[in-house]
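Enquirer: So that we are looking at the same thing, I have put the structure below in structure tokens.
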Amino acid sequence: MQKNSYNRDKLIKSLELKLASKKEVIRKSKYLLIENKGDIVGIDNDKIEQDKHHDGLKGYWTNLKSEIKPTDIIDQYNNLWKVEKAFRMSKSDLQERPIFHRKLNRIRGHLLLCFCSLLVMKETERLLKPIEILVIKAIEILGKVGEGEIKINKIVMPVE
């Protein structure tokens, strides 16, 4: 509740300073009072009061049909951390960085390569989980191997 109030007050102060100094407001805020022509005339105190009633509440917006249970929507949102973890893994463990392509086939190829590398990483993580070895540790160990075979469960791979 305090966080909502703090963030709202900070936003309102910022808007008041911009309006007082006649600086152009680049991003439209829900707290701005706008006339029919799109001109900003001040701060909408009614909207601020409405928002105060929602402090501390969390809601989910979705475009899914109403047949879906609210608990299913919340569960899907709670699984979002898995997607975020995958992006962090791509950036840190796989050291992926932005690459700028112009041609559509190059963009698709790059995305496919990033996705495949993430897939290999996730599958390796799944196979190593029962023996409690982290992927990073496995990469370090494999970096020291000169030549031989790698066994992960029933999978055997030659290393050269």
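Derivation of every value follows stated rules applied to the coordinates shown; laboratory data play no part. Since we're looking at a predicted model, the values are computed, not measured. Cβ coordinates were reconstructed from backbone atoms using ideal geometry, including for glycine residues, and neighbour counts include every protein chain displayed.
Enquirer: Taking the Cα centre of the chain as origin and charging only Cβ (+1 Lys, Arg; -1 Asp, Glu), how large is the dipole, in debye to the nearest 20?
Expert: For this selection, approximately 440 debye.
Enquirer: Compute the length gained on full extension between SER29 and LYS144: take 0.36 nm times their separation in residues and subtract their Cα-Cα distance, giving the result in nm to one decimal. Don't skip to the answer; put the middle values down first.
Expert: Values: separation 115, 0.36 × 115 = 41.40 nm, distance 5.53 nm.
Value of the extension gain: 35.9 nm.
Enquirer: Continuing with this model, one more query. Tell me what the chain gives for mean residue ellipticity at 222 nm when only DSSP H runs of n ≥ 4 count, each as -39,500 (n - 2.57), the sum divided by the residue total, rounded to 500 deg cm²/dmol. Please list the in-between numbers first.
Expert: On the way: 6 runs with 84 residues, N = 160.
My calculation for the chain gives -17000 deg cm²/dmol from helical runs alone.
Enquirer: Against the longest alpha carbon principal axis of the chain, how many degrees, from 0 to 90 and to the nearest 10, is the axis of helix 104-128 turned?
Expert: Roughly 70 degrees, rounded to the nearest 10.
Enquirer: Considering the Cα positions of region 103-160, please state its Rg to one decimal place and its Dmax as a whole number of Å.
Expert: 14.3, 43
Enquirer: Students often get this wrong, so check it: of LYS82/LYS129; LYS10/LYS47; LYS65/LYS122; LYS28/LYS69; LYS3/LYS28; LYS82/LYS103, which have C-alpha atoms separated by over 26 Å?
Expert: As for pairs spanning more than 26 Å Cα to Cα, those are LYS65/LYS122; LYS28/LYS69; LYS82/LYS103.
Enquirer: Fewest first, what order do TYR31, TYR6 take by the number of other Cβ atoms within 10 Å? Could you put the intermediate results ahead of the total?
Expert: Details: TYR31 18, TYR6 10.
So the ranking, lowest neighbour count to highest, is TYR6, TYR31.
Enquirer: Okay, next question. Of the GluC sites (Glu not before Pro) in region 1-89, which ones lie in a loop per DSSP and count no more than 12 other C-beta atoms within 10 Å?
Expert: Values: sites: GLU16, GLU24, GLU35, GLU49, GLU67, GLU84; in loops: GLU24, GLU35, GLU67.
Sites meeting the loop and neighbour criteria: GLU24, GLU35, GLU67.
Enquirer: With N residues in region 9-61, what two-decimal value do you get for its Cα radius of gyration over 2.2 N^0.38 Å?
Expert: Expressed relative to 2.2 N^0.38 Å, the Cα Rg reads 1.25.
Enquirer: Looking only at GLY56, GLY146, GLY38, which one moves most when the chain is put into a Gaussian network model with springs between Cα atoms under 10 Å?
Expert: Maximum among the listed residues: GLY38.
Enquirer: Could you give the distance between the Cα centres of region 90-137 and region 3-79, to the whole Å?
Expert: 36 Å
Enquirer: Still on this structure, I have one more. Expected output is a single nm value to one decimal: the length gained when fully extending between ASP51 and SER66, i.e. 0.36 nm times separation in residues minus the C-alpha distance. What is it?
Expert: On the way: separation 15, 0.36 × 15 = 5.40 nm, distance 2.51 nm.
Extending this stretch completely gives an extra 2.9 nm.
Enquirer: I've got another one for you. Work out how much length LYS82 to VAL120 would gain on full extension: take 0.36 nm times their residue separation and subtract the Cα-Cα distance, in nm to one decimal.
Expert: 12.1 nm
Enquirer: Next up: Given q = 0.19 Å⁻¹, what are the Debye log10 I(q)/I(0) values for region 1-138, with equal point scatterers placed on the Cα positions and solvent ignored?
Expert: -1.06
Enquirer: With +1 on the Cβ of every Lys and Arg and -1 on the Cβ of every Asp and Glu, and nothing else charged, how large is the dipole of region 78-159 about its Cα centre, in debye rounded to the nearest 20?
Expert: Numbers: 16 positive and 9 negative charges, 94 e Å.
The dipole of region 78-159 has a size of about 440 debye.
Enquirer: Sorted from fewest to most neighbouring beta carbons within 10 Å, what does the list LYS23, LYS47 look like?
Expert: Ordered from fewest to most neighbouring Cβ atoms within 10 Å, LYS23, LYS47 come out as LYS23, LYS47.
Enquirer: Find the relative contact order for region 78-159 and round it to a whole percent, using C-alpha pairs within less than 8 Å whose residues are 6+ positions apart.
Expert: Reported relative contact order: 18 percent.
Enquirer: With only Lys, Arg, Asp and Glu charged, each at its Cβ (+1 for the first two, -1 for the last two), find how big the charge dipole of region 2-52 is about the Cα centre; round to the nearest 20 debye.
Expert: 300 debye
Enquirer: For a quick check: sort SER66, SER14, SER117 by the number of other beta carbons within 10 angstrom, fewest at the front.
Expert: Neighbour counts put them in this order, fewest first: SER66, SER14, SER117.
Enquirer: Run the quick spin-label model on ASN7 and GLN95: label points 7 Å from Cα toward the beta carbon, then report their separation in nm to one decimal.
Expert: With each label placed 7 Å out from Cα toward Cβ, I get 3.6 nm.
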